[in-house]
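Here's the structure, in structure tokens; my notes come after.
The values are calculated or read from the model by the stated rules, or taken from the named source; none is laboratory data. All values derive from a computational prediction rather than experimental measurement. FYI the Cβ positions are ideal-geometry reconstructions off the backbone, even for glycines, and counts take in every protein chain you see.
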């Protein structure tokens, strides 16, 4: 029994000795740093692309807003001009009605 | 109190690349794949560097992610398992004969033939010198399961060693 225990200990000891950490190959860090640089460049590229997209969206929004505002303003001015014409027509109509009334009154005399 | 520790990526790579590579290598049995897995683990660390709070946390994080990514890599490679074991036999033999005793290299080869879960438990136990509780935390597995994997893995490994390493057993 003692021999078995000793053998187990030997086996586990041998296992531990066999399984020490291995030195990483130099290509690991070299490759890692290259991949990291590439990943950062791509990430930076994506960021720039996103910034450009955001700037384009803002510009499109501003341009669209300006267009809508200009249309609304033209519509408002048109409405204002129309109302002025209507007012002028109403005044003219009223003046003509008065003149007609005066003429009718003179004719009856 | 806020931690004043500032993680330095390159320093972390220098300190832990041996551990991460060894774990990946012993789990996958493929030197090229282990190198790729180790690089993936460190790139993931780079993306999560702000979450790392201390050197101990970095060590634990790297160990856990290395085991997880190695398992993922193994799963992807499983379709090629028949070829892989042949490669493992050749690669382990070639590499370990240089650095280990003949028994050491053969134990390593036998270890590669164990089921994945048992191999993971044994690698963390004998390479990283972790307790079963620490292994359970690292593998996110119940303690009883880890203890069972350790016992069964060791028993299976011993049985394989008795069959394949007769000269060693007799020699003792």
Original post:
Mind checking whether some residue in the range A:54-73 is in a helix (DSSP H, G or I) and closer than 30 Å to residue B:43 by Cα?
Top reply: yes
Original post:
Yes or no: residue B:27 assigned to a helix (DSSP H, G or I), buried (at least 21 other Cβ atoms within 10 Å of the Cβ) and either away from chain A (no Cβ under 13 Å) or touching a strand residue (DSSP E or B) at 6+ places or on another chain (Cβ under 8 Å) (or both)?
Top reply: no
Subject >> Residue ID - nearest to residue B:125 (Cα to Cα), chosen from residues in the range A:1-40 that are at pLDDT 90 or above and out of contact with any helix residue (DSSP H, G or I) (no Cβ under 9 Å at 6 or more places or on another chain) >> reply: A:26
**OP:** Report yes if some residue within the range A:19-36 is within 14 Å of another protein chain (Cβ to nearest Cβ), within 30 Å of residue B:40 (Cα to Cα) and exposed (fewer than 10 other Cβ atoms within 10 Å of the Cβ); otherwise report no.
**Re:** yes
Subject >> Boolean, residue B:74 is within 14 Å of chain A (Cβ to nearest Cβ), under 28 Å from residue A:16 (Cβ atoms) and under 20 Å from the mean Cα position of the chain (by Cα) >> reply: no
